[in-house]
Amino acid sequence: MAVPALTPEQRAVAMVKAAEARKARSELLAGIRAGTVTVAEVFARAEETLVKKTRVVQVLRAMPGYGPAQVAALMAICGVEVKCGVGGLEQAQRERLLTAFAR
């Protein structure tokens, strides 16, 4: 699929919108790192556009004490694909991930 040609004005608007999205996602992940936002709260907000597009692996890696190996193992056990976004999780996958964090 070819990328449509944008006018300079459209490109500038798109770049501003993308920067805002990156900043908001960064703030969400910083909240998880700080402990002010839980994984359950993120999953509950899965219908929001920003949260929906955030990858599950990013959310789990933001949790204090969880490194790449632990996150990969947890996702494999719960049956979640590496490139899956929060909005793409099935209810059963969400429940398995939340149960794993409750331990």
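The values are calculated or read from the model by the stated rules, or taken from the named source; none is laboratory data. Please read all numbers here as calculations on a predicted model, not as lab measurements. We place every Cβ from the backbone using ideal geometry, glycine too, and count neighbours over all the protein chains shown. Heavy atoms of the whole protein, side chains included, go into the accessibility calculation; ligands, DNA and RNA do not. Shrake-Rupley method; radii C 1.70, N 1.55, O 1.52, S 1.80 Å.
For region 1-55, what is the charge dipole size about the Cα centre, in debye to the nearest 20, if Lys and Arg each add +1 at the Cβ and Asp and Glu each add -1 at the Cβ? Write down the numbers at each step before the final one.
Values: 10 positive and 6 negative charges, 40 e Å.
Roughly 200 debye for region 1-55.
Assign unit charges at the C-beta atoms only (+1 for Lys and Arg, -1 for Asp and Glu), then state the dipole size of the chain relative to its Cα centre in Debye, rounded to the nearest 20. Let's see the in-between values first.
Details: 15 positive and 9 negative charges, 49 e Å.
Dipole size: approximately 240 debye.
For region 1-83, which GluC sites (Glu not before Pro) pass both filters: DSSP loop (anything but H, G, I, E, B) and at most 13 other C-beta atoms within 10 Å? Don't skip to the answer; put the middle values down first.
Numbers: sites: E9, E20, E27, E41, E47, E48, E81; in loops: E47, E48, E81.
Within region 1-83, the qualifying GluC sites (Glu not before Pro) (loop, at most 13 other Cβ atoms within 10 Å) are E47.
Amide H contacts of T38: none lie under 5 Å away among residues 5 or more positions distant or on a separate chain (H built 1.01 Å from N in the peptide plane; Pro and chain starts excluded). Build a GNM of the chain with springs between Cα atoms under 10 Å apart, and of A46, A73, A24 the one that fluctuates most is A73.
Counting only whole DSSP H helices of the chain, the ones at least 20 Å long by C-alpha along their axis and with mean Kyte-Doolittle hydropathy no lower than -1.0 are 8-34. Each Lys or Arg adds one and each Asp or Glu takes one away; over the other residues whose Cβ falls under 11 Å from the Cβ of G88, this sums to +3. Average accessible surface for region 14-103: 61 Å² per residue, computed with a 1.4 Å probe over protein heavy atoms with every protein chain in place.
Which net charge results for the neighbourhood of G31, defined as the other residues with beta-carbon distances under 12 angstrom from its beta-carbon, given Lys and Arg at +1 and Asp and Glu at -1? Please list the in-between numbers first.
Numbers: positive: R25, R33, R45; negative: E27, E41.
Taking every other residue near G31 into account, the sum is +1.
Think of it as helices only: each DSSP H run of n ≥ 4 in the chain is worth -39500 (n - 2.57), and spread over all residues that comes to -20000 deg cm²/dmol at 222 nm.
Expressed as a whole percent, the accessible area of the chain that falls on carbon and sulfur atoms is 59 (1.4 Å probe).
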